[in-house]
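**Q** I have a structure I would like to understand better, so I am pasting it below and will then ask my questions one at a time.
Each value in this text was obtained by applying a stated rule to the coordinates, not by laboratory testing. No experiment lies behind these values; they were computed from the predicted model shown. Here the Cβ is made from the backbone with ideal geometry for all residues, glycine too, and neighbour counts use every protein chain on show.
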Amino acid sequence: MTPKRTKELEPSDEELIERFQKGDREAFEKIVERYKDQLLNFAYRFLGSRQEAEDVVQDTFLRVYRNRKAYRRVARFSTWIYTIAGNLAKTELRKRKRRKLFSISDLGFEEKDYEISDLSHNPEDDVEGTLKEEIIQSEIEKLPPKFREVIILRDVQGLSYEEIALILKIPIGTVKSRVNRARLRLQKRLKHLLETEK
Amino acid sequence: MNPCERYQQLIPAYVDGETTAEEKAILEAHLKHCAECRAVESRVRRLRRLLQSLPAVSTSPEFGAILRARIRLENRNAGHIIPSFPTWRVPAFGLAAVAAALLLIAVIWNSGRIPQRGAVAVTSVYKTAEMATMLKAPVDTVMRRVHYVLDRVPAQTLGTAPAVVASRSLGTRAVADSSARSARQETYRLVAERIRRASF
Ligand SMILES: [Zn+2]
């Protein structure tokens, strides 16, 4: 694939990271702008929590910042950053399990003092659409992580099998078979939604 | 084995445009005659459309400011501003927690004296979700608790008044004046200004 370019001749990701390696901080800001939402979507669909997803994306950029010198042009920048984000998302999942093992309950807050902030959805939200999204999301989350990451990268993010293989460091054949199995599973679980889908 | 199974295994890759030209030709020839395989193909396409229809989310408005502040914090930590923080790593914050932690850090940078009276407010450098598990409380309750902390840090602490943060590698304990709920907006403004001015 060719680097993304617009009429304005935007620099490629690889040019940006190289500029950043030479100390250009504006180039880093541009990278953040370019990737923050797409990484958030990946992490959000993988983890199912906006908060955790946003943390993962923050951590991803912090790693890019810290380890900028480690990037080499042999790999595409997008592959590199997705690998970092994917690893952090999986670490988050493991931490979530570990966190359940211990708890601190004696920090003593005065519950009554808190205002209840309005976290409800916009009333104009389409209820059916939201429900459908929730059903799909919960089925994605039920997939084992290795199927989940593949199906999100493929069907939500639209990456090619080759890119996915590079990001996850697995053979293309494995990507293919995981995509197949994840889809078969989702097809079964989302049968009712698929019947109404044109 | 059902002769169609072999074809059906090719369908997902076919729908993704990831088959070889040869596989594509063989499959297309079969699809013309086989309604069952066409139905499989249609299901795969519908599933893909369904997944693609998931609404996209975007980062919160504070995302950039928080990232800049974290980077600045990391750079600062290397300079031993807050020696009890590990200098080699900034713990991963929840967004609300980071806001609270940054506020508290801003407070320490500006003062360092202990308040005469005050509520003890505890926030931590854990992610919000981690705090939620530890506190056995939902995330939004944790957010409210963090806001509670913010509410209790008076604006003037940023200038002259007192606050103390004893930080451990695990968390940050803040002792803050409890009388200044009304100063919240001013506090936010001052903190926002500091974050804006922060450079890498
Ligand atoms: Zn057939």
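**Q** Is there a simple number for the mean count of other chain Cβ atoms within 10 Å of the Cβ of residues in B:61-68, and what is it?
**A** Details: counts 0, 1, 8, 5, 0, 2, 10, 4.
Taking the mean over all residues of the peptide, I get 4.
**Q** Where does the charge balance sit around B:Arg48 when Lys and Arg score +1, Asp and Glu -1, over other residues with C-beta under 9 Å from its C-beta? Display every interim value, and only then the final one.
**A** Working: positive: A:Arg154, A:Arg183, B:Arg45, B:Arg46, B:Arg49; negative: A:Asp155, B:Asp16.
Result for the neighbourhood of B:Arg48: +3.
**Q** Quantify how strongly other chains surround peptide A:27-36 by giving the mean number of their Cβ atoms within 10 Å of each of its Cβ atoms. Walk me through the intermediate numbers first.
**A** Working: counts 0, 4, 4, 0, 0, 5, 1, 0, 0, 5.
Mean shielding count: 2.
**Q** Right, something else. Give, as a single signed number, the net charge of other residues whose beta carbon lies under 14 Å from the beta carbon of B:Gly17, with Lys and Arg counted +1 and Asp and Glu -1. It would help to have the intermediate numbers written out before the result.
**A** Working: positive: A:Arg154, A:Lys176, B:Lys24, B:Arg45, B:Arg48; negative: A:Asp155, A:Glu162, A:Glu163, B:Asp16, B:Glu18, B:Glu23, B:Glu28, B:Glu41.
Local charge sum for B:Gly17: -3.
**Q** Show me A:52-60, B:55-63 ranked by packing, highest mean number of other Cβ atoms within 10 Å first.
**A** Working: A:52-60: 25.8, B:55-63: 13.6.
For the peptides A:52-60, B:55-63, the packing ranking is A:52-60, B:55-63.
**Q** What distance in nm lies between label points placed 7 Å from Cα along the C-beta direction at A:Lys95 and A:Lys188?
**A** Here the answer is 3.3 nm between the modelled labels.
**Q** Give A:Lys188/B:Lys24; A:Lys142/A:Lys169; A:Lys90/A:Lys146 a once-over and call out the pairs whose C-alpha atoms are over 19 Å from each other. Present the calculation step by step, with values, prior to reporting the outcome.
**A** Working: A:Lys188/B:Lys24 26 Å; A:Lys142/A:Lys169 23 Å; A:Lys90/A:Lys146 9 Å.
Violating the 19 Å Cα-Cα cut-off are A:Lys188/B:Lys24; A:Lys142/A:Lys169.
**Q** Which of the listed residues, B:Leu31, B:Gly17, B:Ser42, is farthest toward the dipole's positive end in segment B:5-52, when Lys, Arg count +1 and Asp, Glu count -1 at the beta-carbon?
**A** Checked the options; the winner is B:Ser42.
**Q** Something else about it: Can you order the peptides B:22-33, A:146-157, B:4-15 by their average number of other Cβ atoms within 10 Å per residue, highest first?
**A** Values: B:22-33: 13.2, A:146-157: 22.4, B:4-15: 18.2.
My ranking of the peptides, most packed first, is A:146-157, B:4-15, B:22-33.
**Q** Same structure again: Excluding A:Glu33 itself, calculate the net charge of residues whose Cβ lies under 12 Å from the Cβ of A:Glu33, where each Lys or Arg counts +1 and each Asp or Glu counts -1.
**A** Details: positive: A:Lys30, A:Arg34, A:Lys36; negative: A:Glu10, A:Asp13, A:Glu26, A:Glu29, A:Asp37.
Net local charge, A:Glu33 excluded: -2.
**Q** Between A:Arg50 and B:Ala39, what FRET efficiency follows from the Cβ-Cβ distance if R0 is 41 Å, with the result rounded to 0.05? Before the final figure, lay out each step's value.
**A** Details: r = 37 Å, r/R0 = 0.90.
So the FRET efficiency works out to roughly 0.65.
**Q** Place a +1 charge on the Cβ of each Lys and Arg in segment B:5-52 and a -1 charge on the Cβ of each Asp and Glu, then give the dipole magnitude about the Cα centre in debye, rounded to the nearest 20. Show your work: numbers first, answer last.
**A** Numbers: 9 positive and 8 negative charges, 67 e Å.
Around 320 debye, computed over segment B:5-52.
**Q** Mind checking A:54-61 for the average number of partner chain beta-carbons within 10 Å of each residue's beta-carbon?
**A** Details: counts 10, 10, 2, 3, 12, 6, 0, 5.
Per residue, the average neighbour count from other chains is 6.
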